[in-house]
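What follows is calculated from the coordinates using simple rules that are stated; it is not laboratory data. Quick caveat: nothing in here was measured; it's all calculated off a predicted structure. Virtual Cβ from ideal backbone geometry, glycine too; neighbours counted across all protein chains shown.
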Amino acid sequence: MVETVQVTYEHTAGNTLAFPTDDLTIKINRLFFEIVARPDGVLKVIDPTVIQREFSCSAIIDGDDWKILHDWETAAIDYTGGYPRLTTVYLDADTTLTNIEVAIVPPVQATDLGNGQWRVTITFREKSA
């Protein structure tokens, strides 16, 4: 198993940023999932299997990459044509998730660590199920 999970974000075709992280959290939401208790006490499960994932992590990146991310996130974003997306999420040395269309959930936080290094905390939400 790899020690660092690598998340690669592609804003538009060919414009990518890598987030080296060791604290990736993947949350799976089952939208519209419901458990209903009927009057006779029987539980009915309603599950249309509409899934949405959230990928949260922090990473230390350099000032140039933080400026690129800042500029992308403060500009108008076109959410068509398969972008933005996570091109690669390494789960371990042999297992990856690929090409997940996402939107970045506000806020994106960046903390200046000095020497041109920034700790960025970011959440990507899957935009198509």
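Descriptive notes on the structure:
- Computed over the chain, the ratio Rg/Rh where both radii use C-alpha atoms and Rh is Kirkwood: 1.09
- In the chain, helices alone account for a calculated mean residue ellipticity at 222 nm of -3000 deg cm²/dmol, with every DSSP H run of four or more residues adding -39,500 (n - 2.57).
- Between Phe32 and Thr74, residue separation times 0.36 nm minus the direct Cα-Cα distance comes to 12.0 nm.
- Modelled FRET efficiency - R0 35 Å, Thr8 with Asp47, Cβ distances, 0.05 increments: 0.65
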